[in-house]
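Following: one structure in structure tokens, then a few remarks.
The values are calculated or read from the model by the stated rules, or taken from the named source; none is laboratory data. Fair warning: this is a prediction, and the values are worked out from it, not measured in the lab. Heads up, the Cβs are rebuilt from the backbone with ideal geometry, glycines too, and the neighbour counts pull from every protein chain shown. Quick note on the areas: whole protein, heavy atoms, side chains included, nothing else; ligands and nucleic acids left out. Shrake-Rupley method; radii C 1.70, N 1.55, O 1.52, S 1.80 Å.
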Amino acid sequence: QVQLVESGGGLVQPGESLRLSCVASGSISRIVAMGWYRQAPGKQRELVAGIVSGGKTIYADSVKGRFTISRDSAKNTVYLQMNSLKPEDTAVYYCSADQSYRYWGQGTQVTVSS
């Protein structure tokens, strides 16, 4: 089993930045990919960014050029640097880890509002 704990969410104004962190623990040696998803009220959960064990990254079109996913293997942590935030980025952000099963964190709220 894998446990994921997110942090770093909050309330910011449009144009500002946030960095989300996700610390993984448990059976992490067999994780093949990690990602960040988000879910806004009344909408389906969507992929924001992902990183696979080889380092390749993918991004949703809506965040390309503004968000960056990275990892620190020594700290078992994945980050999501979010710049130039927009009101439409407001959502609960979830960290995920893939083995034969997809594990989820508890989520962290990001609110972008003036």
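Side notes on the structure shown:
- Considering only residues in the range 105-114 that are open to solvent by less than 50 Å² (accessible area, probe 1.4 Å) and over 14 Å from the mean Cα position of the chain (by Cα), the one that is farthest from E6 (Cα to Cα) turns out to be V112.
- Looking only at the range 95-114, and only at residues there that are assigned to a strand (DSSP E or B) and either of a type in the set (K, R) or in contact with an Asp or Glu (Cβ under 7 Å, 6 or more places away or on another chain) (or both), the one that is modelled with the lowest pLDDT: R102
- Which listed residue, of E6, E16, is more than 14 Å from the chain's Cα centre (by Cα), surrounded by 12 or more Cβ atoms within 10 Å (Cβ to Cβ) and acidic (D, E): E16
- The range 91-104 residues that are farther than 13 Å from S7 by Cα, paired with ones that are assigned to a loop (DSSP other than H, G, I, E, B) and open to solvent by less than 10 Å² (accessible area, probe 1.4 Å) (beta carbon under 6 Å, 6 or more apart): none
- Pairs, first on the phi > 0 side of the Ramachandran plot in the range 15-37, second in a strand (DSSP E or B), C-beta under 7 Å, six or more apart: G26/V2; G26/Q3
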